[in-house]
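Presented below is the structure to which this report refers.
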RNA sequence: GCGGCGGUGGCGGAACGGUAGACGCGAGGCCCUCAAAAGGCCUUGUCCGCAAGGGCGUGUGGGUUCGACUCCCACCCGCCGCACCA
């Protein structure tokens, strides 16, 4: 036994802070802007910068690796740990491959939890937020994440939100920020309005779960709908998970069709409707408006239905989204006592109000074609309205009972010039006919609504707008930015922003006419703050501008973005919109912020989401204290494929910890035994026996980890290093110390992105050098191929034997070797070989009869 | 209802159409120790068999193939989106 066992203890609590101090002192992970003469710190003199050694010509590629910024509340949870473990691994891997990597950190620090906490405790949101930020920063540093801390900021800092306001004003100038009166979604618990995206399917606030109410309010919106088409089509060009793209496509909800005008002759008003099936126009037998439609009451006024309509509308608009959205409930509605004229045939059809028509979509009114639409059909049956078939399906059997039929087919009962046409042709011709007569036109409709950004809350970015009695809406002049949040006494929301109570702050004078003016008291949706933070990182310390274009050119777009799938629509769509809008203003040169997106899966415990109410929360800090940061990081990556959900296991953590301990201890022992590094590196050419075997395994592992890192298969990458270490342990007595040194150094080198402290330490013990300054190792192709391998011998596809053969053995020879293998003979004897399949390097399959 | 993802040992999970179960956990046996902790060595899909070996095995049923966890068809189950979007 050459090695004394377990003499040295693996002590991450000593190792990890030691290396963290080196990286902090030397500012190892900072990158300077090449373009910049601004505030971004340049690396310390004398330090070459990571990657510089790889491409002496200075040809390094810049790359930008970013994890979604955290909302700081309390201390980070395991979801953060996984998020930053993935990002840091990617960042390290890219650096070692010669890229200059921008890997910054910040905090999405405005938001309701801090404000609600202030209401409860009286602690200023600013102070509570600052405490959380400090705690997050402390943890991230303790995790050893390779952050460029010189670019850190929080979105609540005036030096940041000054530029959020500046962007708001740019959007306002362009007409992309506007104010309008609308039916908006109001959360009664959070006491603020919400954007459509922030209300879930059941009509609940995505933050607190309360059922939202609808209110008529005048609010600020961003005109994201102007970008619907580009937001949709540009999805094709970005490397994002398909399911995220699908979710965005569904959310944007593009549909092609036509807008057709129906005229109410009694009142002389035109009502356009959107339809995707203008080919069914002749089948329209009634007309339906949403209860929220502004004309409904006016239409019914003076008719015998007035009272009924009024009652129905009142009921419908107070009904919750959940009740109204119930698909199983029978259709309800009330006749308006008015008619509209179908433009294609001049028919007068009755008007109804019904809650199955939504004000938010299309024009808030529809033509109803009961024969060819399920919902209209249900309504027609309930109200005894005529059903007229105008499309005959292609399937002749399904016809008579087959209503409603929503497929394509041949037109019937329409007009002589259209009857007999197939629905597609008819659709085009009918639209053309409408267009000629000024009765309609082809049209594209989107489900996407404009982004409501006003919030009636305190702890957010003030909207930089004034209301002047004389001049109306006046933007705050740029040189007066930021409009800072005033100090207030009472955060309690009262249906309007708490800022409204800050009289001294609210009352100001108009910059144009110098008359009295009042400040906008709403703050911005916090998703505004996070829609551009990745731009600010590129030039984080610029106090003259939001950014310098040259800085953006250097880093944007983000090469690899990493975060949770819960932002698939919200943040990821808003950020895309900002990019497009800013680029139209020539403030930015990219159209898409995130070239490549990775969405990590959730970590659950006992199959359930971790939450303090369930009491199943695993605090990363407790894991780090017990096992060290490297164990915590490796574990969350080893647990399974990183894009899938995974269940936490305490035993699994211990397993990873044992592995890191074995790696470190064996490295320490080999380093001690082998003496100072440098001399006698193992030459592959003359290695043989166990040395060759171990060398091969090392190169195999290098190759495997490299490939796995490229495809984000972190779990199998770690498994490969485990295999290499197991091989080192198996051969520790048989192989030479230099071979062992090489094998262990290789293990430490490729595991460094996952477990940077342990690997930096082991690597230094073994080689006397800093692993992060070494280029990523390359596997020796020659050593990846075996000179002997195990040939699998199958009979009728079943494994019957294995034989050792030399690499390069001919197919004929392989067949022969297979045929004579003892257990193969037992299965072949007395039967006829009808076919022999040879897969060189793998197997031979004998087909017998 | 529509769309997406998934279903493999006791558990988490591996497997370019080519040895199913890598790696880890757990479990069992053993070593070290006065003992414990830590560490080390071995076994571990399942059934039959002393063994050699054989049968069965990747949600279900079909198909393609010399060969299917992998490809095709039809289902079942679970999770996640979306859903009266005209």
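What follows is calculated from the coordinates using simple rules that are stated; it is not laboratory data. Values in this document were obtained by computation on a predicted structure and should not be read as measured data. Virtual Cβ from ideal backbone geometry, glycine too; neighbours counted across all protein chains shown.
With axes computed from alpha carbons, what is the tilt in degrees of helix A:374-383 against the longest principal axis of chain A, rounded to the nearest 10 within 0 to 90?
Taking the Cα atoms of chain A, the angle to A:374-383 is about 30 degrees.
Please give the calculated 222 nm ellipticity per residue for chain A, where each DSSP H segment of at least 4 residues contributes -39500 (n - 2.57) and the sum is spread over every residue; nearest 500 deg cm²/dmol?
Working: 27 runs with 305 residues, N = 849.
Calculated from helices alone, the mean residue ellipticity at 222 nm is -11000 deg cm²/dmol.
How would you rank A:136, A:446, going from fewest to most other Cβ atoms within 10 Å of each one's own Cβ?
Arranged by neighbour count, lowest to highest, A:136, A:446 become A:446, A:136.
Against the longest principal axis of chain A, how steep is helix A:12-25, in degrees 0 to 90 to the nearest 10, with axes from Cα atoms?
Approximately 70 degrees, to the nearest ten.
Between region A:98-141 and region A:465-530, what is the C-alpha centre distance in whole Å?
25
May I ask you to derive the FRET efficiency for residue A:804 and residue A:449 from their Cβ-Cβ distance with R0 = 56 Å, giving the value to the nearest 0.05?
On the way: r = 69 Å, r/R0 = 1.23.
Given R0 = 56 Å and the Cβ-Cβ separation, E is 0.25.
Report the Cα centroid-to-centroid distance between region A:186-262 and region A:788-849 in angstrom, as an integer.
With region A:186-262 and region A:788-849 each reduced to a Cα centre, they are spaced 62 Å.
Packing-wise, with mean Cβ within 10 Å as the measure, how do A:708-719, A:233-244 rank, highest first?
In decreasing order of mean packing, A:708-719, A:233-244 become A:708-719, A:233-244.
Using only Cα atoms, tell me the angle between helix A:629-638 and the longest principal axis of chain A; keep it within 0 to 90° and round to the nearest 10.
70
Which order do A:205, A:793 fall in if you start with the one that has the fewest other Cβ atoms within 10 Å?
Taking fewest neighbouring Cβ atoms as first place, the list is A:205, A:793.
Can you grab the distance from the C-alpha centre of region A:421-444 to the C-alpha centre of region A:738-756, Å, no decimals?
Centre-to-centre (Cα) distance: 69 Å.
Once you order the gyration tensor axes a ≥ b ≥ c over the Cα atoms, which shape class does region A:255-445 get: rounded for a/c under 1.5, otherwise prolate or oblate by comparing a/b with b/c?
Values: a/c = 1.89, a/b = 1.42, b/c = 1.33.
In terms of gyration-tensor shape, prolate.
Rank the residues A:534, A:752 as a footprinting-exposure proxy: fewest other Cβ atoms within 10 Å of their Cβ go first.
Going from least to most buried by this count: A:752, A:534.
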